[in-house]
Amino acid sequence: RGETTLSEIDVKRVAAAHQIVNERWQERLTVSEVARRSGLNKAKLTRGFRELYKCTVAEAVSERRLANARALLSLSDLPISSIGYRCGYLSNASFTRAFARRFGMAPTEMRRREKGPGEQKVAEGAAP
């Protein structure tokens, strides 16, 4: 499993913390709260996440939120502001900024690119 400075029990605790992030990503998770829930101190959680997952706790939460937002953009007609809120962002501006940083375009552009041709095909297919 590669080099780690963590004990076997701490590896299990960091894995439990990762599970918390994956299950509760829509909540307002803090490093302190994830550490407390997984039985680690903040320093060990932070180091463990870096060693095992090559990212920070905040980056893991953000990645999970943005992946879900991208799926909702493609698969739903929900308003973009609603998608941001559902994915844990407190403002449309912070959602748009994070999304553009991660995917290189605004959510509106992503939706237009990914949904545009599909909508036209549905409309054409529905016509008699």
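How large a share of the accessible area of the chain, in percent, is made up of carbon and sulfur atoms when the probe is 1.4 Å and the other protein chains stay in place? Of the solvent-accessible surface of the chain, carbon and sulfur hold 52 percent.
Taking all protein chains together and a 1.4 Å probe, the residues M110, M105 rank M105, M110 from largest to smallest accessible area. Summing charges over neighbours of P79, with a neighbour being any other residue whose Cβ is under 12 Å away from its Cβ, gives +1 when K and R count +1 and D and E count -1.
In degrees, nearest 10, range 0 to 90: what is the angle between the Cα axis of helix 42-53 and the longest Cα principal axis of the chain? On a 0 to 90 degree scale, this one is about 60. Per-residue SASA remark: L6, around 20 Å² accessible (1.4 Å probe; ligands, DNA and RNA not included).
If Lys and Arg each add +1 and Asp and Glu each add -1, what is the summed charge of the other residues whose beta carbon sits under 10 Å from the beta carbon of S7? So the surrounding residues net to +1.
Among C87, C55, the sequence by solvent-accessible area, most first, with a 1.4 Å probe is C55, C87.
Counting only helical runs of four or more DSSP H residues, what would the 222 nm mean residue ellipticity of the chain come to if each run contributes -39,500 (n - 2.57) and the total is spread over all its residues? After summing the helix terms and dividing by the residues of the chain, the value is -24000 deg cm²/dmol. Couplings 3J(HN,Hα) for the stretch 56-71, derived from phi with the Karplus relation 6.51 cos²θ - 1.76 cosθ + 1.60 (θ = phi - 60°), are 8, 4, 4, 5, 5, 4, 4, 4, 5, 5, 6, 5, 5, 4, 5, 5 Hz, where x marks Gly and Pro.
Calculate the dipole size of the stretch 24-113 relative to its Cα centre from +1 charges on Lys and Arg beta carbons and -1 charges on Asp and Glu beta carbons; express the result in debye to the nearest 20.
Taking the Cα centre of the stretch 24-113 as origin, the dipole is about 200 debye.
When P(r) over Cα pairs in 10 Å bins from 0, in percent is computed from the coordinates, the matching label among (i) 12, 37, 27, 15, 7, 1; (ii) 12, 35, 24, 15, 8, 4, 1, 0; (iii) 12, 35, 25, 18, 7, 3, 0 is (iii).
The values are calculated or read from the model by the stated rules, or taken from the named source; none is laboratory data. Because the structure is a prediction, the values reported are computed rather than measured. Every residue, glycine as well, gets a Cβ built from its backbone with ideal geometry; the counts of neighbours run over all protein chains shown. Ligands, DNA and RNA are stripped out before the accessible areas are found, and what is left, the full protein with its side chains, is counted by its heavy atoms. Shrake-Rupley method; radii C 1.70, N 1.55, O 1.52, S 1.80 Å.
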